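> Shown below is the structure under consideration.
The values are calculated or read from the model by the stated rules, or taken from the named source; none is laboratory data. Not measured: the values here are computed from a predicted model. When we count neighbours, we look across all protein chains shown, and the Cβ atoms used for this are built from the backbone with ideal geometry, even at glycine. Side chains are part of the model used for accessible areas, which takes the heavy atoms of the whole protein and leaves out ligands, DNA and RNA. Shrake-Rupley method; radii C 1.70, N 1.55, O 1.52, S 1.80 Å.
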Amino acid sequence: MAGLALSTGLGLARRGRRSVPSYDARAKAVFDFWDSVSAPASSGVKSLYNETIVALQDFGIWPDADLIALTAATNMIHGVTDLKNPEASKIFALSNSPTWTDRYGWTGNGTSSYVGTGRRPSVDGVKWTVNDAGIWSYTDTDLAASVPDVGAGETFSAFCIPRGATGSMGGQLNRVSGATTLATVTSSAGLSGISRIDATTERIWRDGVQMAEATVSAAGRPTGEFRICGRSPSTFSTRRVGFAMFGASMVGKEANLNTVIQNYITKIKAVAA
């Protein structure tokens, strides 16, 4: 009788035991970091981040990036986390009180506030080299203003303006003269980017589609900090930033990046925090 009771009890325990989700190692490193700084994620958030990180790997984007920040998040700490190197997120700094909006990202005041990553392309760029580089950002704000939402400056420039005051996109990457521009765009909202694919070719992107190409020589990488909500040393944006990334040019992967980020931006709004 006693043996039967013990056997029955074990069977109930087994049936009631919940399976532990299996996460990609890179995603788990992010979750462990959040736990270590008292910012644990819900199972829904973990599932979405795991899905996003796996997709970035499957499309070959992950190894081309130096920094990936999904700033549209359900937790402020999550919104200043570098997925590629979570521990490096500890040097992120909020300067002059940028505004964080749950599930939508960071917004600067246009005059002094930004999210500093502490990362300088000339020193910390690994995939970001002089002749092979790319920077990307997502905003849900439609604003015609001649300032970039992310980027770096000093010595050389790296930025993309989603929609300037005249209604055109423009940018520079690893140089200081002559902006690459594009005919009128109807909105600044979406995924914008600029890539340098070799020593003389620069491209502008919107939502995974190439919008312009210019023949212009690279000169060097910026020595200033890569910032979110503007660019170093003293340019500031008021568009809300939901994603930022820098690294290599990712030739042929631009549309896939757009697919992954747009999927994340849509799903983070509905996931349980």
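> Using the alpha carbon gyration tensor of the chain, what are the three equivalent-ellipsoid semi-axes (square root of 5 times each eigenvalue), largest first, in whole Å? Could you put the intermediate results ahead of the total?
On the way: eigenvalues 308, 68, 58 Å².
Working from the Cα gyration tensor, I get semi-axes of 39, 18, 17 Å.
> Which whole-number percentage describes the relative contact order of the chain, with Cα contacts under 8 Å and a sequence gap of 6 or more?
On the way: 678 pairs, mean separation 64.2, N = 273.
Relative contact order comes out at 24 percent.
> Taking a ≥ b ≥ c as the square roots of the eigenvalues of the Cα gyration tensor of the range 65-191, is the shape rounded (a/c under 1.5), prolate (a/b larger than b/c) or oblate? All intermediate terms of the calculation are to be shown ahead of the outcome.
On the way: a/c = 1.82, a/b = 1.16, b/c = 1.58.
Since a/c reaches 1.5 but b/c is at least a/b, the shape of the range 65-191 is classed as oblate.
> With runs of 4+ DSSP H residues as the only contributors, calculate the mean residue ellipticity of the chain at 222 nm using -39,500 (n - 2.57) per run, divided by the residue total and rounded to the nearest 500. All intermediate terms of the calculation are to be shown ahead of the outcome.
Details: 5 runs with 62 residues, N = 273.
Calculated at 222 nm, the ellipticity per residue is -7000 deg cm²/dmol.
> Using the Kirkwood radius over Cα pairs, work out the Stokes-Einstein diffusion coefficient for the range 135-273 at 20 °C and 1.002 mPa s, in µm²/s as a whole number.
My calculation gives 144 µm²/s for D.
> Something else about it: Sorted by packing (mean other beta-carbon atoms within 10 Å per residue), highest first, where do 245-251, 171-177 land?
Sorting 245-251, 171-177 by mean packing, highest first, produces 245-251, 171-177.
> Please compute the per residue accessible area over the chain with all protein chains in place, 1.4 Å probe, rounded to a whole number of Å². Don't skip to the end; give the middle numbers.
Working: 11290 Å² over 273 residues.
Per residue, the chain has 41 Å² of solvent-accessible surface.
> Give me the percent of accessible area attributable to carbon and sulfur for the chain, probe 1.4 angstrom.
Working: 5990 of 11290 Å².
Taking all protein chains in place, the chain shows 53 percent carbon and sulfur surface.
> Only bridges whose two residues both fall in the chain count here: according to DSSP, what percent of them are antiparallel, nearest 5?
Bridges in the chain that DSSP calls antiparallel: roughly 100 percent.
> May I ask for the angle, rounded to the nearest 10°, between helix 2-16 and the longest principal axis of the chain, with both axes built from Cα atoms and the value confined to 0 to 90°?
20 degrees
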